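Every read-out reported here was derived from the displayed coordinates using simple, explicitly stated rules and does not represent laboratory data. Keep in mind it's a predicted model, so treat the numbers as computed, not measured. Quick reminder, even Gly has a Cβ in these numbers, built from the backbone with ideal geometry, and neighbours come from all protein chains shown.
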Amino acid sequence: MNRIILVTLSVWLSACSSSPQPVVVQNVPEQEPGLCGEHLSKSMGMQISMAKQSFQQGQYYSSLATLEKIDSDSVTKRALQASAYRKAGELDDAKKIYLSLLDTCVKGNAQHGLGLISAYQSDMKSAQTWLSKAAKSEPANPNIRNDYGFLLLSIGEDKKARGEFITALELAPTNETAAKNLWLVLFRNHETKAASSLNKRFSWSDDETQKLTLAATQFSPIDVDKP
């Protein structure tokens, strides 16, 4: 039951697993800067941009198809591939690429991805290890801090989770997902004034507040020592 509740809540409360918002497709730029100081040709830059647009629209297989056309093993290509595979649910393929990126400049994002995959597979110990490393590698990334906080909340580390959510919200003041996660911790720990203040700050509707309250009352931490 705990795992069912966690999955239900994580779809709603975890920023990292939410689908990107659709974007208006504009003219594709001829040149796109690469990661880790990589130089991309005009052709490759255009293909990367097209793959990113597909990804941002939730068209992950289309993004992967575009990336497959690129005859390169660049970090820029592999990083986007790994994210697209993960979003598409092709976790083994995503994991393989993330592991290959651990010795690059996107190490923190790779650790983040590996942590999410472990969480999807209910391996909470590995998820905690990877997300902790990701937070240390990319301490100013609000999505990583939020996701690490949600993992901590899931295993009953409310105090540590609270700190991660506050950090995420200070880094990204309009991050409503982090705000809802923080509200959940505050409500569960009877910090009603702080929870009420956060509610007013984001002007949540009565319906949203009822959903948050229901989530808080149904939530039960996972015992990571159980198989």
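Some observations on this one:
- Exceeding the 31 Å Cα-Cα cut-off - candidates Lys87/Lys180; Lys87/Lys211; Lys107/Lys211; Lys69/Lys125: Lys107/Lys211; Lys69/Lys125
- Under 5 Å from the amide H of Ile222 lie the amide H atoms of Ile155, Gly156, each residue being 5 or more positions distant or on a separate chain, with H modelled from the backbone and absent for Pro and chain starts.
- FRET efficiency, 1/(1 + (r/R0)^6) with R0 45 Å, evaluated for Asp206 and Leu99 via beta carbons: 0.50
- Each residue in Thr167, Thr104, Thr76, Thr217 was given a count of other beta-carbon atoms within 10 angstrom of its own, and listing them fewest first yields Thr217, Thr104, Thr167, Thr76.
- Based on Cα contacts under 8 Å between residues 6+ apart, segment 37-125 shows a relative contact order of 20 percent.
- Simple Cβ-charge dipole of segment 132-227, Lys/Arg +1 and Asp/Glu -1, about Cα centre, in debye nearest 20: 200
- Shown for segment 132-227 is the translational diffusion coefficient from the Stokes-Einstein equation, using the Kirkwood radius over Cα pairs, a temperature of 10 °C and a viscosity of 1.306 mPa s: 117 µm²/s.
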